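Everything below concerns the one structure shown next.
Just so it is clear, none of the values below were taken in a lab; they were calculated from the coordinates. Just so we're clear, the structure is a prediction, and the values are computed from it rather than from any experiment. Note that each Cβ is placed from the backbone with ideal geometry, even for glycine, and that neighbours are counted across all protein chains shown.
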Number of protein chains: 2
Amino acid sequence: MTEPVTFRDVKAAILLRITRGDWAPGTLLPGEVEIAQEFGCARATVNRAMGELVGDGIVERRRKAGTRVRLSPLRAARFEIPLVRREIEVHGGAYGYLLVSRAVGPAPDGLGTRALHLVCLHLSDGAPFQHEDRWISLDALPGAETVDFSARGPNEWLVETVPYSEAEISFSATLADDVLAAALHCAPGAALFRTDRTTWWEGRALTRVALVFRPGHRMTTRY
Amino acid sequence: MTEPVTFRDVKAAILLRITRGDWAPGTLLPGEVEIAQEFGCARATVNRAMGELVGDGIVERRRKAGTRVRLSPLRAARFEIPLVRREIEVHGGAYGYLLVSRAVGPAPDGLGTRALHLVCLHLSDGAPFQHEDRWISLDALPGAETVDFSARGPNEWLVETVPYSEAEISFSATLADDVLAAALHCAPGAALFRTDRTTWWEGRALTRVALVFRPGHRMTTRY
DNA sequence: CAGTGGTCTAGACCACCGG
DNA sequence: CGGTGGTCTAGACCACTGT
């Protein structure tokens, strides 16, 4: 018996030809049957390898047209969005939490009629790490009104309560106003990294949060 | 003939049970054979559906142990990193480019010995959109020294020359100093969104770039 | 219309790892 | 050890879409 050819073998071989320049951007690749013959494997194996190359943004495929090397490779970066507690603990810090304010009132746009407004602070080794300004829709999550958020952050409660939801997230830069500067122990006018996230479940907006990090924070990934 | 059950059907059905709470976080799911029987399909179909759920961070699988709903769902966001030109044109702007300065000198850390230092500006409808400060290793890419970057940005040349490379990217916030403020037509002290990227090919660092966007820039995605 | 990729099936073998 | 998922195969049908 000869070793079976795995889809990883095929993927690596194809990728090598592309990165080496044998198959330049725009090139039309041979069909699946032909490649399968060349490698001595089943067409399904080639199909899986190609599927991954599509996912990696290396090639494009269209029925009848065939498979082409993308003209310019699709650059996509994947960021994991950890819970603050985990993020701090992974970096070796001791996690701390502080509820700054809590109020119930009319909801801001898109969150229904009534909402809970929470402001909290997440600490690493006692020093401010992240400032959280959150609205929770009481129309969608009435239970939130009676939860005690003085010892544990709302994000942890939300993850338990509605673990699988849709979200939109955006990154931006913001200036430290007096409130943020006081909370994060930095100078007013500092540049801060900011994350905004809105979360839906079954089409209803549940919560909207603005997270502002202490100065110097970075989000990093490889691709 | 009855309709064939697709892997999408299976994935959607499983996902529904999880989001509905029938299968709470931590639950052990039935084995592939059992699910295949329930849905009246081949095991391979279930396997593919489960594979996607793993990729989406919904479940975890281990041989012998079986498939479990993740305790806390893995939150990951995927951002596409477009060429500036495309990013501007997609938003309906007319792309413009300006080479601000060009110099050859000793390379900064990690880029070898000699490097090309370029500063450029990318414009949308004539207004500054992004400031680019780039180093290109002349050890790794000697050809860059003779390229004319006065009419076209170095990113476009790089994409053609080394289309498939490894990169590390990070996002942060930065303050507008006098140079940035002048380039981006904003007030000194404004908060600006910044991207840093280092690119390797076959283990050698090729280029390092800092991209600073005009005030108010956001990076957004859904997940 | 015809050629390409997309998917399903039924069966098989195997690697891994929990009990 | 034995049960689970991981993968390969050979074959088939079909959807899409360029020519």
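Annotation for region B:89-117 versus region A:60-99: alpha-carbon center distance of 26 Å. Measuring nothing but how far apart in sequence close Cα pairs (under 8 Å, 6+ apart) lie, relative to its length, chain A scores a relative contact order of 14 percent. Of all aspartates and glutamates in the structure, the ones whose alpha carbon falls short of 19 Å from that of residue B:11, not counting any fewer than 8 places away in one chain, are A:52, A:166, A:202, B:3, B:22, B:32, B:34, B:38, B:52, B:56, B:60. Say a paramagnetic label sat at a point 7 Å from the Cα of residue B:56, along Cα to Cβ; which residues of region A:175-213 have their backbone N under 18 Å from it? Hits in region A:175-213 for residue B:56 at 18 Å: A:199-204. When its C-alpha radius of gyration is set against 2.2 N^0.38 Å (N residues), region A:6-88 gives a value of 1.33. Using only the C-alpha atoms, the convex hull of region B:116-223 corresponds to 129 Å³ per residue.
An oblate overall shape is assigned to the protein assembly as shown, the ratio a/c of its alpha-carbon gyration tensor axes (a ≥ b ≥ c) being 1.5 or greater and a/b not exceeding b/c. Work out, in µm²/s and without decimals, the Stokes-Einstein translational diffusion coefficient of region B:170-222 at 4 °C, 1.567 mPa s, Rh from Kirkwood over C-alpha pairs. D, rounded to a whole number, is 105 µm²/s.
Approximating the spin labels as points 7 Å out from Cα along Cα→Cβ, the residue B:33-to-residue A:139 distance works out to 5.1 nm. A Förster radius of 35 Å, combined with the Cβ-Cβ distance separating residue A:202 from residue A:9, puts the computed FRET efficiency at roughly 0.20. Between residue A:170 and residue B:161, the FRET efficiency estimated from the beta carbon spacing at R0 = 30 angstrom works out to 0.40. With all pairs of different C-alpha atoms in the average, the Kirkwood value for the hydrodynamic radius of chain B is 21.2 Å. May I ask you to derive the FRET efficiency for residue A:150 and residue B:74 from their Cβ-Cβ distance with R0 = 35 Å, giving the value to the nearest 0.05? Once rounded, the FRET efficiency stands at 0.80. Exposed loop sites are taken as trypsin sites (Lys or Arg not before Pro) in a DSSP loop (any state but H, G, I, E or B) with at most 13 other beta carbon atoms within 10 Å; the longest stretch of chain A without one runs A:65-217. If you take all other residues with their beta carbon under 12 Å from the beta carbon of residue B:188, and give Lys and Arg +1 and Asp and Glu -1, the sum is -2.
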